[in-house]
Amino acid sequence: MTALRAVGRHLAFPVAPPARLGMIRVLLGLFILYDLWFSRTALPRLVRSGAEHWEPVGVMEWLALSPPSESVVRFGVYLTLGLFLPWTLGLAFRVVGPAAAVCLFTLWSYRLSWGMVYHNFHLPAFHVVIVGLMPAAAAFSLDRRIGGRWERWLGWQPRGAEEWTGRTLQFLTLVTALTYLLAGLAKVRGEWGWAWANGQNLLDQIGYDAVYKDLLSGGAGPLLPFLYQHPALLMPGALLTLVVELGAPFTLLSPRLGRVWAVGIWGMHCGIVACMDIWFTYPLSFVPFLLFFPIERLLGRWGNGPSASAGLAEPT
Amino acid sequence: MTSEMSAAGRIYQWAGMFIVGVCLLLPLDTRFRKPHDDFPLSWYPMFASKRPDLESPVYAVAIWPDGHEAKITTGTWTTGGFNEGRTQLANAVKQGKEASERFCQRIVKGMRGRSSFKGAERVEIRIAKIRKEDWFLEEKVPEKVRVLRGCQVTE
């Protein structure tokens, strides 16, 4: 009964130290800065693909935009980079948070409008929008260090910082869980049904990708012949994939379940790297799963917000 | 003791969670919208579709006067990554003769200045029939190859 009550309380009144959300904001910001910095020259050059390959999605589709010029994209890249710097530092976050989220969302809409929607953009895009629209700079922020001047000026001092943080982390968990749940449901609702768990379709998908890599890229990974010799080895991988994807919503029940799940899903992404050389950098960075861990304790004394390192009851 | 959030704050967060949650779950109902790929909501059933026994990849090769060939990687024509390059090539072929000819010229343009393609005289866009098991367990030789389009490499 006590455990059930704890779960119920965690679902209805989630609380967490603002320092955790502050650290997630910082790490998410660093991830975006890293990603944008290394794609800053490649992104504008996508325009050279030619208008015939322009298949607008997201903001580009909603606003029926035609392909922008290289210089406009370059400006957008540096503007977004420029906004994620104060985002990471936690400066003027009331303005910077939403502005950075809008810029990144627009930039990534452009990025994915050239005939291929890469699915590794969806989860970080949602996370950036959620964190950007919540008071995520109550700790680990320059706003705090300089005495809350920006916060006061912009009127962003919400009451109940712990509840704001708890609910924001719950929101992030919900989105993370649903994206993986959908991937799992697509598999069992597809032509294979539950037989997807036998690993045959997984082998087919890996093989299909590898054939193309042999013909159009650096080549298939070294594991391929081994996997075709021992196809049964993929069955545990397929089974584990279904378990972690379909089990994702259970992470909403308690951070402890979330921690177990995070390790499982991270392992799945490592398996994808090993078998297919496909790098889902955001999940592989582990940043989206840190919300299940009391990471604020690592740098507790540096957290400068309310209850930055307070020992709030951690639901189990 | 923690301070309490305002009612407006709670409504803001609950409304956000509800709207985003419903939007994310929309793909489960395929009555109104057929599965398709999009951003930020994707209807694409990743790793879920059945693959045929024989794959039909479209690819490009550079050919030298002595008949020697080399594969052309997607980085030659796009900075958008392997999958984007593959999709663009396949789409150009699907769009017909003119589009694939234009694409062939784009490949040639991308090859210019690359030492690995020095002396190449022709580019061919091909489609192959490949049985995956044979490809990975035996020789990497397609069962069938057909040339879809070709163009000369000009300086």
Extreme residue, nearest to A:Leu172 (Cα to Cα), among residues of the stretch A:108-123 that are surrounded by fewer than 22 Cβ atoms within 10 Å (Cβ to Cβ) and more than 8 Å from chain B (Cβ to nearest Cβ) = A:Leu123
Out of A:Val96, A:Val57, A:Val26, which single residue is among the aliphatic types (A, V, I, L, M), within 11 Å of chain B (Cβ to nearest Cβ) and crowded, with 16+ Cβ neighbours inside 10 Å?
-> A:Val57
Closer than 30 Å to B:Arg102 by Cβ and part of a helix (DSSP H, G or I) - does that describe any residue in the stretch A:15-30?
-> no
Within the stretch A:220-240, identify whether any single residue is within 11 Å of chain B (Cβ to nearest Cβ) and on the phi > 0 side of the Ramachandran plot, and answer yes or no.
-> no
Could you check how many residues of the stretch B:91-112 are farther than 14 Å from A:Gly115 by Cα and either at the interface with chain A (Cβ under 8 Å from one of its Cβ atoms) or among the small types (Gly, Ala, Ser) (or both)?
-> 6
Evaluate the stretch A:201-219: report whether one residue or more is among the basic types (Lys, Arg), within 14 Å of chain B (Cβ to nearest Cβ) and under 19 Å from B:Pro45 (Cβ atoms).
-> no
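Counting only residues that are part of a loop (DSSP other than H, G, I, E, B) and surrounded by fewer than 13 Cβ atoms within 10 Å (Cβ to Cβ), which one in the stretch B:7-49 is farthest from the other protein chains (Cβ to nearest Cβ)?
B:Phe32
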The lone exception for A:Thr2 - which of (1) surrounded by fewer than 22 Cβ atoms within 10 Å (Cβ to Cβ); (2) among the polar types (S, T, N, Q); (3) under 30 Å from B:Phe82 (Cα atoms) it fails | (3)
For residues that are surrounded by fewer than 17 Cβ atoms within 10 Å (Cβ to Cβ) and within 12 Å of the chain's Cα centre (by Cα), tally how many sit in the stretch B:82-101.
-> 0
What is the residue count in the stretch B:50-65 for residues that are surrounded by fewer than 18 Cβ atoms within 10 Å (Cβ to Cβ) and either more than 7 Å from chain A (Cβ to nearest Cβ) or in contact with a strand residue (DSSP E or B) (Cβ under 9 Å, 6 or more places away or on another chain) (or both)?
-> 7
Report yes if some residue within the stretch B:120-134 is within 14 Å of the chain's Cα centre (by Cα), facing chain A (nearest Cβ under 9 Å) and buried (at least 20 other Cβ atoms within 10 Å of the Cβ); otherwise report no.
-> no
Would you check if A:Leu242 is modelled with pLDDT of 95 or more, touching a Lys or Arg at 6+ places or on another chain (Cβ under 8 Å) and under 22 Å from A:Thr173 (Cα atoms)?
-> yes
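The values are calculated or read from the model by the stated rules, or taken from the named source; none is laboratory data. Please read these numbers as outputs of a predicted model, since none were measured by experiment. Glycine gets a Cβ as well: all are built from the backbone with ideal geometry, and neighbour counts include every protein chain shown.
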